[in-house]
Amino acid sequence: YDNAINIDTTKINGLMNLVGTIHSKKQDEKNGVNAIFLNKKDVSGSEQQISKDELLSVLKSTAPGSLVRSMEDKFLFGKYKGTPTVEESSAFLIFGINDYNLAYASMLDWEKSIFSDLFILFDITLSDSDTALFEKDWKDVIINNKDARVLYGIDGEGILFYSFVNKKVLIITENSEVLKRITNAVLIKNPK
């Protein structure tokens, strides 16, 4: 990542509070990859990043248990901005994977509700006609020579994407250009 933004979530209760706090840090975002570390203080007062289970709990996620078990505990939430095609920042989530086969099958199951789980965190604005997105099927697409899945909006634009960069990394984002750039960055650091 190019820039780190730390957010203390110790006193945050609920998704809307979390999203509001993330928005309040928007001025700290710089061009490139902005890693947003969601931290909490333990009893001794030291900060540590919240776990993926704590994040999914705040999101009230309906991710299948098999998917959650196939993910590593740490994750990276962030925003990417700064190119002509990504002028506004676009959110992304990166999860480490420890069981690719289980994760892949479970992501297909999570497709039924992943949009409703993440649209608020990703700050995706919905109009009245967009409510159909909660029922739409995901489609296959190739991005950066990698298989990906996309949820298309009413006008045919990609609303949410996910891809397994390799058998160890899953990326979820709202922008295909961000998926390309994050995929490239991950492959440089972790080619297998």
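The values are calculated or read from the model by the stated rules, or taken from the named source; none is laboratory data. Just so it is clear, the model here is predicted, and its values are computed rather than measured. Backbone-built Cβ (ideal geometry, glycine too); neighbour counts: all protein chains shown. Side chains included, ligands, DNA and RNA excluded: accessible areas come from the protein's heavy atoms. Shrake-Rupley method; radii C 1.70, N 1.55, O 1.52, S 1.80 Å.
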- Message: Please determine whether any residue of the range 169-183 is open to solvent by less than 70 Å² (accessible area, probe 1.4 Å), more than 14 Å from the chain's Cα centre (by Cα) and without any contact (Cβ under 8 Å) to a residue 60 or more places away in the chain.
- Response: no
- Query: Taking Ser106, is it farther than 25 Å from Gln48 by Cβ, among the small types (Gly, Ala, Ser) and open to solvent by 40 Å² or more (accessible area, probe 1.4 Å)?
  - Reply: no
- Looking at the range 112-128, is at least one residue in contact with a strand residue (DSSP E or B) (Cβ under 7 Å, 6 or more places away or on another chain), open to solvent by 20 Å² or more (accessible area, probe 1.4 Å), modelled with pLDDT under 90 and not in a strand (DSSP E or B)? yes
- Task: Considering every residue within the range 50-63, establish whether at least one is open to solvent by less than 60 Å² (accessible area, probe 1.4 Å) and over 16 Å from the mean Cα position of the chain (by Cα).
- Result: no
